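Computed from the coordinates by the stated procedures, all read-outs in this text should not be read as laboratory data. No experiment lies behind these values; they were computed from the predicted model shown. No Cβ is skipped: glycine too gets one built from the backbone with ideal geometry, and neighbour counts run over all protein chains shown.
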Amino acid sequence: MFQTFILLTLLVLACFSVLSDNLRRSILFLGAFSLTIALAYLHYNAPDVALAEAAIGVGLSTVMYLVALKKVSVYDICYVNEDVETFNDDQINEIRDSIVRPLELFVERTEEIEPQLAYTNRTLETVMREDEHDCLIHRKGNLTYIYGDTTDQVFQDIVANLNDVIKDIEDIRVIFRDEVSIDAADE
Amino acid sequence: MPQTSRLFHIVRIAFAVIGAAVVLFLFLNHSEQLDTPLMDYFTADFLAQTGAQNSVAAIYLNYRVFDTLFEALMLMVSVMEVINVSWANKHAEQYKFEKDDFNRKNNSEIVIRMVGIIYPFVLLIGLYIIINGHVSPGGGFQGGAVLATALITRYLVYPNFDLDLHTLEKLEKFLFLSIVMTPVLYVFMQIQPADTTLSHQIYMVAMNSLIGLKVFSGLSIIFYRFVFYEGR
């Protein structure tokens, strides 16, 4: 009974730590997983291994993961295209070589921040109102808009180097979100 | 993206399937019954032969001490690799000393108070695990890891870089030399003051302390290197 309980708890905690949306929560689930597996080792008469697991798994690696999570900063780019009915990875391919990849490379190499790309086909207004992305790429017909904040130093750098970063497309427009209201940007 | 040829793909999958089938076949048809001569040898008379009341300590500090040497070597090599990789970072100089980093406002008051209370007890239990390694469960590695955890919780409270990592690195290498020398002299060459349980127990405590200190310094070096020489 006790064995079944422990092993099932292990499975549940492992699934939680893999499937959870929040990385910090994942780390805490991983710590709980280590503690439970230490209990399991103790139950199977291996106190030495249990002690090592408790010291390494719960203490060292949890703190190390938390510090690593604090050190990694992510630049969040969102690609909005309302014309597409169902979005999949093929849709991103049409702008991948021209915009997305150079932008990611610039953010990664020059700014040394981890880029992260999301895409959606919801309308631009809902995305701007409900989500908080650092940078929005909006495709409307043949025109490409880039939205960002004036206070964002990374976005300022991107705008300043836009000619070097994105070479293929000429008609690309930069809109600062905090200077222009959403209605004005639509026109 | 270059595509590997379809035939190659099929051959690879077939190879994996055949390999898995062979392993499963051998595993399921293995019906040879072995006795437990090694277990009998290790657990029959370990107290008189090695002076350890814990058979695990008897195995890793006396019967199979050769394994322990290479485990210690493995930890030292990984520490050296971490140092090497973190120096390769082009901004290493820039983050060498983060003196301005000290900022109590970011740290939770609860964590600071609780770590302050727990800290001496964690140190005590680490030392207890090391010194009592040949009697109770535990030993050098576990105790060293607990001590390193205590030092790392210090980072949560007081994130300053006032630790002399160079001394720790030198200490770790010196400790590795001692860890190699002690069993070579005591177990392999049989240079013992007396073949009594007391003498064996002194050897056990000395070896556990050396391993504990080495693991402590190795894990601390890995952590502090990682925190202060990596990232932004």
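So the values come out like this:
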| quantity | calculated |
| --- | --- |
| Elements of type helices (runs of 4 or more DSSP H) contained in the stretch B:8-79, each with 3 or more residues being more than 23 Å from residue B:190 (Cα to Cα) | B:37-44 |
| Residue in the stretch B:175-186 that is within 14 Å of chain A (Cβ to nearest Cβ), out of contact with any His (no Cβ under 7 Å at 6 or more places or on another chain) and of a type outside the set (D, E, K, R) present | no |
| Any hit, the stretch A:111-119, residues being within 14 Å of chain B (Cβ to nearest Cβ), in a helix (DSSP H, G or I) and either of a type in the set (S, T, N, Q) or free of Cβ contacts under 8 Å to residues at least 40 places away in the same chain (or both) | no |
| Failed item, numbered, when residue B:46 is tested on (1) within 23 Å of the chain's Cα centre (by Cα); (2) touching a residue at least 12 places away in the same chain (Cβ under 8 Å) | (1) |
| Residue match in the stretch B:135-142 (condition: more than 11 Å from every other protein chain (Cβ to nearest Cβ), closer than 24 Å to residue B:55 by Cα and without any contact (Cβ under 8 Å) to a residue 12 or more places away in the chain) | no |
| Pick from the stretch A:146-163, criterion in contact (Cβ under 8 Å) with a residue 24 or more places away in the chain and out of contact with any Leu (no Cβ under 8 Å at 6 or more places or on another chain), ranking: surrounded by the most Cβ atoms within 10 Å (Cβ to Cβ) | A:154 |
| Per-region count, the stretch A:45-88, residues within 13 Å of chain B (Cβ to nearest Cβ) and free of Cβ contacts under 8 Å to residues at least 24 places away in the same chain | 20 |
| Extreme residue, farthest from residue B:228 (Cα to Cα), among residues of the stretch B:143-157 that are in contact with a helix residue (DSSP H, G or I) (Cβ under 7 Å, 6 or more places away or on another chain) and more than 8 Å from chain A (Cβ to nearest Cβ) | B:143 |
| Residue list for the stretch A:30-77, filter: of a type in the set (D, E, K, R) and either assigned to a helix (DSSP H, G or I) or buried (at least 20 other Cβ atoms within 10 Å of the Cβ) (or both) | A:48, A:53, A:70, A:71 |
| Matching option when the condition is in contact with a helix residue (DSSP H, G or I) (Cβ under 6 Å, 6 or more places away or on another chain), in contact (Cβ under 8 Å) with a residue 24 or more places away in the chain and more than 10 Å from chain B (Cβ to nearest Cβ), among A:13, A:30 | A:30 |
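For every residue, the table says whether it meets (1) closer than 30 Å to residue A:68 by Cβ; (2) part of a helix (DSSP H, G or I); (3) of a type in the set (A, V, I, L, M).
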{"position": "A:85", "(1), (2), (3)": "no, no, no"}
{"position": "A:94", "(1), (2), (3)": "no, yes, no"}
{"position": "A:126", "(1), (2), (3)": "no, yes, no"}
{"position": "A:138", "(1), (2), (3)": "no, no, no"}
{"position": "A:155", "(1), (2), (3)": "yes, yes, no"}
{"position": "A:158", "(1), (2), (3)": "yes, yes, yes"}
